[in-house]
1. Would you work out if the stretch 69-119 is rounded, prolate or oblate? Take a ≥ b ≥ c from the square roots of the eigenvalues of the alpha-carbon gyration tensor; rounded if a/c is under 1.5, else prolate when a/b is larger than b/c, oblate otherwise.
2. About the Cα centre of the stretch 130-288, what is the dipole size in debye to 20, counting +1 per Lys and Arg Cβ and -1 per Asp and Glu Cβ, all else neutral?
3. Please state the charge dipole magnitude for the stretch 65-177, taken about the Cα centre, from unit charges on C-beta atoms (+1 on K and R, -1 on D and E), reported in debye and rounded to the nearest 20.
4. Could you tell me which residue out of 6, 76, 126 lies farthest along the dipole of the stretch 1-158 toward its positive end? Charges go on the beta carbon: Lys and Arg +1, Asp and Glu -1, centred on the Cα centre.
5. Within a 10 angstrom radius of the beta carbon, how do 81, 143 rank from fewest other beta carbons to most?
6. Note down the magnitude of the dipole of the stretch 5-117 about its Cα centre, charges +1 on Lys and Arg C-beta and -1 on Asp and Glu C-beta and zero elsewhere, to the nearest 20 debye.
7. Using the Kirkwood formula over every pair of different C-alpha atoms, what hydrodynamic radius in Å results for the stretch 1-156?
8. Which lysines, on any chain, are close to residue 234 with Cα under 22 Å apart, when same-chain ones fewer than 8 places away are left out?
Amino acid sequence: MHSKINILFIINPISGVGKKNLIPKAIAAHLSKEKFDYKIEYTQYPSHGQKIALENKHLYQAIVAIGGDGTVSEIGASLIHSECALGIIPCGSGNGIARHLAIPRKIKKAIEKINAFNVTSIDTGTCNQTPFIGLCGFGFDAHIAEAFEKHTKRGFSTYIKLVSKAYSKYKPHHYQISINDQEVKHNPLLVCIANSSQYGNGFTISPISTMQDGKFELIFIARFPLHAIPKLIKQFFSKQIHHSKYFQSITFETQVKVNITDEKTPSFHIDGDHKQSNTSSFDIQLLPKSLQVLV
Ligand SMILES: Nc1ncnc2c1ncn2[C@@H]1O[C@H](COP(=O)(O)OP(=O)(O)OP(=O)(O)O)[C@@H](O)[C@H]1O
């Protein structure tokens with residue numbers, strides 16, 4: 001007789017806007033009892049998911065993040081270079097990583113994907129040793145991540161409000177960016193390092209990125225006039241932003257150095273979660289096929 005697969009579910013109770021109290025029932029109803037033994041834990045504070053995953057990864061064949069990109073990122077970070085696979089039940093505000101991986105947003109369907117237990121490996125990256133799964137970035141997107149963190153209400157509408165309020169006041173930073181010591185560009189509105197394609201809700205910053213190609217895209221979005229916004233929004237949501245004159249991308253397989261020259265302690269974001277840095281230089285590394293995921 002085959003032994004059962006041990007699986008741990010970690011629920012972030014504050015992610016997104018949907019209620020999480022129905023999730024344990026949905027797991028009990030739809031997860032295959034023949035195939036799995038499972039346990040459910042809840043995060044109690046930011047980065048708790050990372051700690052729970054680190055302590056438990058040797059005991060489980062998969063750990064499922066139930067939340068948004070922040071939750072996926074924290075739990076995924078602990079599973080890099082381990083045998084334990086990362087699963088996702090998307091319950092966040094944007095769910096960029098889950099959407100990129102085509103994980104269904106209906107809880108029952110997402111659990112059925114887990115039942116199938118298809119494991120594949122994806123690339124991940126680090127920014128000054130902090131792992132990221134989908135995107136990391138500097139400039140306007142990090143600024144929005146910071147505003148989102150301080151805001152009391154989550155959800156997609158909050159992102160829209162914050163972006164419209166912040167754009168005209170935002171002053172782009174000066175950057176020195178190099179790939180293998182070759183300088184490439186300075187002072188765009190934002191600099192994004194893309195393993196996956198989107199921030200969430202279909203807002204696609206890097207249409208050509210896939211998480212299994214051993215490559216990252218370094219994306220620059222230039223500052224644009226207000227009249228360009230309707231067309232840009234259309235291009236972001238229709239995965240056509242790479243045709244915009246405000247878009248530039250460079251594909252790289254090795255390492256990128258980003259220096260922010262006008263701020264001593266700039267902020268950045270890791271999978272949409274704002275981080276404050278104690279240095280103005282950043283080293284981005286690619287970790288090919290470093291994370292097992294259930295897709
Ligand atoms: N119990 C908790 N109390 C407060 N914060 C928590 C708790 N558990 C986890 N967190 C933090 O909540 C943050 C937000 O979670 P997450 O990113 O999953 O949701 P979201 O921001 O609504 O969705 P998305 O990232 O997809 O837009 C995470 O960065 C995590 O560190």
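1. Oblate, because a/c is 1.5 or more while a/b does not exceed b/c.
2. That gives the stretch 130-288 a dipole magnitude of about 820 debye.
3. 700 debye
4. Farthest towards the positive end: 6.
5. By the 10 Å Cβ count, ascending: 81, 143.
6. The calculated dipole for the stretch 5-117 is roughly 480 debye.
7. 16.0 Å
8. Partners found: 161, 165, 245.
Any read-out appearing in this document is the output of simple, stated calculations on the displayed coordinates, not a laboratory observation. Predicted model only: the values in this text are computed from it and were never measured. With ideal geometry, Cβ positions are generated from the backbone for all residues, glycine too; neighbour counts draw on all protein chains shown.
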